[in-house]
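Working notes, beginning with the structure itself.
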Amino acid sequence: HGDLQITEQISVHIDGRMVGTLTVDAVHPTSTVTVTVPKPGRYDYTLDSRTTFDLESGPTEIPGHGSGQIDVKAGTSFSVVYEIGQDELLLQLQ
C-alpha cells in the first residue's frame, strides 16, 4: 500500500486457477491470501490489479498486470511488488 493509494484489488492466479483476491485500503493496509498447491515445485502465476491513486487530478484508477513463475515449498511466502509503467502497474511476486 503506497502513500498515494486509496484502494487496490489484486486477483491472483496460480497455474491458471484463481486462488484469491488481495484487497487493501486505508482501513486495511495489508492483505494476505493462503494458497495450497498439490506439491512443491515451480508454478506459473498471473496477477491482475485495479489500483486507485489520489492524484492531483483526483482519484484515478490504474490497471496492473504481471506474470511469471515462482518456486514453492512448504511455508514459502511471497509479496506483490510493482513498478509504475507507462500506463499501467507492472506486478511481480517476490
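Picking from V19, V37, V27, which is most flexible by a Gaussian network model of the chain using Cα springs under 10 Å?
V27
With a cut-off of at most 10 other beta carbons within 10 Å, and DSSP calling the residue loop, which GluC sites (Glu not before Pro) in region 10-94 qualify? Please list them.
E56
Counting Lys +1, Arg +1, Asp -1, Glu -1, what net charge surrounds T7 among other residues with beta carbon under 12 Å of its beta carbon?
-3
Could you derive backbone 3J(HN,Hα) for region 78-94 from the dihedral phi with the Karplus parameters 6.51, -1.76 and 1.60 (θ = phi - 60°), listing whole Hz in sequence and x where the residue is Gly or Pro?
For region 78-94, the Karplus-derived couplings read 10, 10, 8, 10, 9, 10, 8, x, 4, 9, 7, 8, 9, 9, 8, 9, 10 Hz, x marking Gly and Pro.
Test of the criteria: in region 5-94, which trypsin sites (Lys or Arg not before Pro) are in a DSSP loop and have at most 12 other Cβ atoms within 10 angstrom of their Cβ?
On the way: sites: R17, R42, R50, K73; in loops: K73.
Within region 5-94, the qualifying trypsin sites (Lys or Arg not before Pro) (loop, at most 12 other Cβ atoms within 10 Å) are K73.
Calculate, for the chain, the solvent-accessible area per residue in square angstrom, rolling a 1.4 angstrom probe over the heavy atoms of the protein chains. Please list the in-between numbers first.
Working: 6300 Å² over 94 residues.
With the other protein chains kept in place, the chain gives 67 Å² per residue.
Carbon and sulfur: what percent of the chain's accessible surface (1.4 Å probe)?
It is 50 percent, rounded to a whole number.
With all protein chains present and a 1.4 Å probe, how do H65, H13, H28 order by accessible area, largest first?
Largest accessible area first, the residues go H28, H65, H13.
Would you mind telling me which residue in P59, P38, P29 has the biggest mean-square fluctuation in a Gaussian network model of the chain, where springs connect alpha carbons within a distance under 10 angstrom?
Result: P38 has the largest fluctuation of those listed.
Could you please report the charge total around S67, scoring K, R as +1 and D, E as -1 over all other residues with beta-carbon less than 10 angstrom from its beta-carbon?
-2
Can you tell me the equivalent ellipsoid semi-axes for the chain? Use √(5λ) from the Cα gyration tensor, largest first, whole Å.
26, 14, 10
The values are calculated or read from the model by the stated rules, or taken from the named source; none is laboratory data. Note that the structure is predicted; figures quoted are calculated from it, not measured. Ideal geometry is used to build each Cβ from the backbone, glycine not excepted, and the neighbour counts take in all protein chains shown. To get the accessible areas, we keep the full protein, side chains included, count just its heavy atoms, and leave off ligands, DNA and RNA. Shrake-Rupley method; radii C 1.70, N 1.55, O 1.52, S 1.80 Å.
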